[in-house]
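Participant: Below: one structure in structure tokens.
The values are calculated or read from the model by the stated rules, or taken from the named source; none is laboratory data. Source: prediction; values computed, not measured. All Cβ positions, glycine included, derive from the backbone under ideal geometry; neighbour counts span all protein chains shown. The accessibility values were calculated without ligands, DNA or RNA, using every heavy atom of the protein model including side chains. Shrake-Rupley method; radii C 1.70, N 1.55, O 1.52, S 1.80 Å.
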Amino acid sequence: MATNWGLNHRYRDASPETPRWLYFGDLDGSGDVGLIEAYFNRSLRQIVPSRGLLEVRAALPFLQARVATFEAYGSASLEELYGERLTGLSRLEVNTSATLMFLNRGDHFEARPLPAEAQWSPAFGVSVGDLDGDGHEDVFLSQNFFAVTPEGTRLDAGRGLWLRGDGRGGLRPVPGQDSGLLVYGEQRGCALGDFDRDGRVDLVVTQNGADTKLFRNLRARPGWRIRLAGPAGNPAGFGAVLRLGDGAHWGPARAVLGGSGYWSLEGAVQVMNLGAEARQLEVRWPGGRRTVIALPAGAREVVVGFEGLIQADRANGI
């Protein structure tokens with residue numbers, strides 16, 4: 001998952017055919033880094049600046065001697081405006097601002113834009129987990145950005161977005177009025193964890209200058225609570241990959257991460273579900289070691305180490 005600015009802002013037209021560019025470097029010999037935003041103008045058939053004359057001239061006063069009117073600025077190319085000052089500048093290219101999912105196809109990754117609702121506002125935090133307990137991985141995105149330039153408008157069309165996975169690479173938006181996930185501020189970090197230890201994954205969302213929100217999951221099908229007991233130096237088993245199986249087939253892979261999304265860390269206990277079909281747990285540890293255990297009948301929580309099952313709990317937690 002790669003979050004981005006979405007497709008509901010002034011730069012949404014960036015594409016491989018018509019990219020946006022950012023030039024940066026010492027433009028006026030002061031030693032400071034200056035920035036030039038540019039794009040290809042189809043009418044003029046040349047690369048032109050994105051920002052308006054007043055804004056650019058305030059930051060780069062030397063342009064006063066090069067262009068005196070808005071008409072002249074509006075018809076000038078980047079080369080005509082900056083000339084030799086472009087020499088030696090670095091350049092970055094943007095060919096999409098969409099929030100994307102990259103599907104691993106074995107020998108390459110396939111980029112796939114997320115649904116329209118994910119593109120209505122910039123996305124920052126991203127969490128992956130089984131929010132409804134159906135055995136398929138879902139996605140939550142934290143959204144919005146308010147600190148825009150004076151001539152811009154707030155990017156505030158998001159209220160936090162749950163995308164329900166179908167297990168085949170498809171993601172479908174769940175409306176906030178159905179999910180109960182409604183956050184209207186500048187959402188930033190987000191993390192999943194079973195805060196009340198009921199076998200359902202809960203969600204916490206931080207905001208810039210507003211309350212942190214904790215959403216308790218009430219309707220998901222309860223799943224297995226799985227904790228790893230890793231080696232010294234990595235007791236939480238960061239880098240391991242977990243799968244539930246029925247003895248013949250394995251469910252989705254879940255990576256245990258030491259940090260994810262936007263300045264966030266998911267809960268150490270992984271909540272996973274495969275319904276009544278769950279019979280086994282596979283753990284692939286960092287370095288390649290593989291541990292497979294049979295899930296104890298009647299238990300809902302397990303602690304697993306290198307050598308296998310350490311503890312199973314049938315009651316109130318580990």
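Participant: Rounded to the nearest 20 Debye, what is the dipole magnitude of the chain about its Cα centre when Lys and Arg each give +1 and Asp and Glu each give -1 at the C-beta?
Facilitator: Working: 34 positive and 37 negative charges, 126 e Å.
So the magnitude is around 600 debye.
Participant: Another one. Given 4 °C and 1.567 mPa s, how large is the Stokes-Einstein diffusion coefficient of region 180-318 in µm²/s, with Rh as the Kirkwood radius over Cα pairs? Provide the component values of the computation, followed by the final result.
Facilitator: On the way: Rh = 15.9 Å.
Approximately 81 µm²/s, per Stokes-Einstein.
Participant: Through the Karplus equation 6.51 cos²θ - 1.76 cosθ + 1.60, θ set to phi - 60°, convert the phi angles of region 183-200 into ³J(HN,Hα) values in whole Hz; use x for Gly and Pro.
Facilitator: After applying 6.51 cos²θ - 1.76 cosθ + 1.60, I find 9, 9, x, 7, 6, 10, x, 8, 8, 9, x, 8, 5, 9, 6, 9, x, 10 Hz.
Participant: Also, I was wondering about something else. Using 5 Å bins from zero, what percent of all Cα-Cα pairs in region 173-233 falls into each bin?
Facilitator: 4, 16, 20, 21, 16, 11, 7, 4, 1, 0
Participant: OK, next. Once fully extended, how much extra length lies between Val292 and Ser77, figured as 0.36 nm per residue of separation less the alpha-carbon to alpha-carbon distance?
Facilitator: Working: separation 215, 0.36 × 215 = 77.40 nm, distance 6.34 nm.
Full extension from Val292 to Ser77 adds 71.1 nm.
Participant: If you don't mind, another one. Could you give the distance between the Cα centres of region 84-140 and region 6-39, to the whole Å?
Facilitator: Using only Cα atoms, the two centres lie 20 Å from each other.
Participant: Using the heavy atoms of the protein chains alone and a 1.4 angstrom probe, what is the accessible area of region 232-277 per residue in square angstrom? Kindly include the intermediate steps, with their values, before the conclusion.
Facilitator: On the way: 2350 Å² over 46 residues.
Heavy-atom SASA per residue in region 232-277 reads 51 Å².
Participant: For the chain, what is the relative contact order in percent, using Cα pairs closer than 8 Å and at least 6 residues apart in sequence?
Facilitator: Values: 707 pairs, mean separation 41.3, N = 318.
Dividing the mean separation by the residue count of the chain yields 13 percent.
Participant: Let me ask something else. On a 1.4 Å probe surface of the protein chains, which of Asp134, Asp32 comes out largest in accessible area, and what is the full order? Mind showing how you got there, number by number?
Facilitator: Working: Asp134 55, Asp32 105 Å².
Most to least solvent-accessible, the answer reads Asp32, Asp134.
Participant: Would you look at the GNM of the chain, springs on alpha carbons closer than 10 Å, and say which of Val148, Val304, Val174 moves the most?
Facilitator: Val148
Participant: Could you give the size of the charge dipole of region 1-92 about its Cα centre, using +1 on the Cβ of each K and R and -1 on the Cβ of each D and E, expressed in debye and rounded to the nearest 20? Please report the intermediate quantities before stating the final value.
Facilitator: Working: 10 positive and 11 negative charges, 59 e Å.
With only Lys, Arg, Asp and Glu charged at Cβ, the dipole is about 280 debye.
Participant: Hey, another quick one. What Kirkwood hydrodynamic radius do you get for region 239-315 when you take the inverse of the mean 1/r over all pairs of distinct Cα atoms, in Å?
Facilitator: On the way: mean 1/r = 0.0753 Å⁻¹.
Across region 239-315, the inverse of the average 1/r is 13.3 Å.
Participant: Any idea what Rg and Dmax come out to for region 136-250 if you just take the C-alpha atoms, in Å?
Facilitator: Gyration radius and largest Cα-Cα distance of region 136-250: 17.5, 60 Å.
Participant: Related question: By accessible area of protein heavy atoms, probe 1.4 Å, what ranking do His108, His249, His9, His136 get, highest first?
Facilitator: On the way: His108 95, His249 125, His9 25, His136 65 Å².
Most to least solvent-accessible, the answer reads His249, His108, His136, His9.
Participant: Mind checking the log10 I(q)/I(0) for region 11-110 at q = 0.17 Å⁻¹? Debye, one equal scatterer per Cα, no solvent, two decimals.
Facilitator: -0.81
Participant: When N is the residue count of region 30-186, what does its C-alpha Rg come to as a fraction of 2.2 N^0.38 Å? Kindly include the intermediate steps, with their values, before the conclusion.
Facilitator: On the way: Rg = 21.5 Å, N = 157, 2.2 N^0.38 = 15.0 Å.
Against the empirical 2.2 N^0.38 Å value, I get 1.43 for region 30-186.
Participant: On full extension of the chain, what length is gained from Glu37 through Thr18, given 0.36 nm per residue of separation minus the C-alpha to C-alpha distance? Show your work: numbers first, answer last.
Facilitator: Working: separation 19, 0.36 × 19 = 6.84 nm, distance 1.37 nm.
Stretched fully, the Glu37-Thr18 segment lengthens by 5.5 nm.
Participant: HN-Hα J couplings of region 134-141 from phi, Karplus 6.51/-1.76/1.60, θ = phi - 60°, integer Hz, Gly and Pro as x?
Facilitator: With coefficients 6.51, -1.76 and 1.60, one gets 8, x, 10, 6, 10, 10, 10, 10 Hz.
Participant: Restricting attention to region 138-180, which trypsin sites (Lys or Arg not before Pro) occupy a DSSP loop and are surrounded by at most 15 other Cβ atoms within 10 Å?
Facilitator: On the way: sites: Arg154, Arg159, Arg164, Arg168; in loops: Arg154, Arg159, Arg168.
Within region 138-180, the qualifying trypsin sites (Lys or Arg not before Pro) (loop, at most 15 other Cβ atoms within 10 Å) are Arg154, Arg168.
Participant: With θ taken as phi - 60° and the coefficients 6.51, -1.76 and 1.60, list the Karplus ³J(HN,Hα) couplings across region 102-111 in order, rounded to whole Hz; mark glycine and proline as x.
Facilitator: Working through the residues one at a time gives 10, 8, 7, 9, x, 9, 6, 10, 9, 7 Hz.
Participant: If you stretched the chain out fully between Arg219 and Ser30, how much longer would it get, using 0.36 nm times the residue separation minus the C-alpha to C-alpha distance? Don't jump to the answer; show the numbers that get you there.
Facilitator: Numbers: separation 189, 0.36 × 189 = 68.04 nm, distance 5.99 nm.
Gain on stretching Arg219 to Ser30: 62.1 nm.
Participant: Using bins 10 angstrom wide from zero, how does P(r) for region 49-100 break down, in % of all Cα pairs?
Facilitator: 20, 48, 24, 8, 1
Participant: Run the simple label-point estimate for Leu44 and Gln280 please: 7 Å along Cα→C-beta, distance reported in nm.
Facilitator: 6.5
Participant: What is the distance in Å between the Cα centres of region 190-238 and region 278-294?
Facilitator: 21
Participant: Could you compute how much accessible surface Ile226 exposes when probed at 1.4 Å, giving the result in Å² to the nearest 10?
Facilitator: 0
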